[in-house]
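Worksheet: the structure to be examined is printed underneath.
Laboratory data are not the source of any read-out in this text; all were calculated from the coordinates shown. Just so it is clear, the model here is predicted, and its values are computed rather than measured. Note that each Cβ is placed from the backbone with ideal geometry, even for glycine, and that neighbours are counted across all protein chains shown.
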Amino acid sequence: AQKVTQAQTEISVVEKEDVTLDCVYETRDTTYYLFWYKQPPSGELVFLIRRNSFDEQNEISGRYSWNFQKSTSSFNFTITASQVVDSAVYFCALSEEDTGRRALTFGSGTRLQVQP
Amino acid sequence: KAGVTQTPRYLIKTRGQQVTLSCSPISGHRSVSWYQQTPGQGLQFLFEYFSETQRNKGNFPGRFSGRQFSNSRSEMNVSTLELGDSALYLCASSSGSKREGRHNEQFFGPGTRLTVL
């Protein structure tokens with residue numbers, strides 16, 4: 001069965017520090033998608049990135065970067081030079097294609113607090 | 001494009017009552033999924049509707065049901081409310097069709113916070 005593990009429950013950093021959020025997943029499908037979402041205090045889940053299982057290229061978007069490694073079943077997210085506005089709960093999620101079950105399986109989330 | 005809208009944003013009910021939540025997807029999106037978020041269980045998938053048909057279902061009791069209308073708007077109903085149903089209910093929309101590409105990118109609404117007393 002599919003599973004997503006975010007072992008870090010809460011991380012606290014000081015502004016301008018770099019921070020990496022870990023995500024490890026389990027799936028039997030060969031075709032799957034991985035996602036990161038941000039949930040600010042308002043509650044809405046904000047889509048950050050989608051990556052499919054055949055594309056292991058790392059991606060950078062501004063201060064955000066993602067490292068996908070199939071060999072370790074990990075899809076880690078790094079925020080460079082963190083800012084107070086980055087404070088939120090971040091969720092990693094998995095969607096499987098082979099079984100047609102495209103529902104998102106979420107990790108338990110990592111709460112990031114960026115102190116000024 | 002307008003985002004996903006959910007109504008109401010907050011709701012207070014008592015045990016045994018029933019409740020209906022509404023979700024309007026992004027224009028052009030035909031897939032609507034519902035998720036429940038609680039502190040104890042996290043984010044859990046309830047069901048997905050595509051073109052008025054339930055396409056996927058999570059592991060929730062039959063008290064939880066939904067439907068989708070021809071304009072892709074969706075409603076979720078919970079009957080005989082229990083205290084444990086208190087949660088943030090999130091609706092997500094996506095194009096839902098592989099031919100349209102990026103079919104499983106799900107965009108979430110602000111949620112409906114349900115409190116059961």
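Can you confirm whether residue A:109 is within 14 Å of another protein chain (Cβ to nearest Cβ) and crowded, with 21+ Cβ neighbours inside 10 Å? Yes, satisfied. Count of the range A:37-63 residues, restricted to those that are touching a strand residue (DSSP E or B) at 6+ places or on another chain (Cβ under 9 Å), within 12 Å of chain B (Cβ to nearest Cβ) and among the small types (Gly, Ala, Ser), is 1.
Do we have any residue at all in the range B:43-66 that's crowded, with 17+ Cβ neighbours inside 10 Å, out of contact with any Gly (no Cβ under 9 Å at 6 or more places or on another chain) and under 19 Å from residue B:2 (Cα atoms)? The answer is no; no qualifying residue exists. When we screen A:89, A:84, A:14 for residues that are in contact (Cβ under 8 Å) with a residue 40 or more places away in the chain and within 20 Å of residue B:109 (Cα to Cα), the only hit is A:89.
So which residues in the range A:39-68 are among the small types (Gly, Ala, Ser) and touching a Ser or Thr at 6+ places or on another chain (Cβ under 9 Å)? Let's see the steps before the verdict.
The initial filter retains those residues of the range A:39-68 that are among the small types (Gly, Ala, Ser), namely A:42-43, A:53, A:61-62, A:65.
Residues satisfying the conditions are A:53, A:62, A:65.
I'm trying to understand the selection: among the residues of the range A:33-72, which are surrounded by 17 or more Cβ atoms within 10 Å (Cβ to Cβ), in contact with a helix residue (DSSP H, G or I) (Cβ under 9 Å, 6 or more places away or on another chain) and of a type outside the set (D, E, K, R)? Of everything in the range A:33-72, just one residue is surrounded by 17 or more Cβ atoms within 10 Å (Cβ to Cβ), in contact with a helix residue (DSSP H, G or I) (Cβ under 9 Å, 6 or more places away or on another chain) and of a type outside the set (D, E, K, R), namely A:53.
Scanning the range A:64-84 for residues that are hydroxyl-bearing (Ser, Thr, Tyr) and under 14 Å from residue A:26 (Cα atoms) gives A:71, A:72, A:73, A:74.
Can you spot a residue in the range B:43-65 that is among the charged types (D, E, K, R), away from every other protein chain (no Cβ under 12 Å) and in a strand (DSSP E or B)? No: zero hits.
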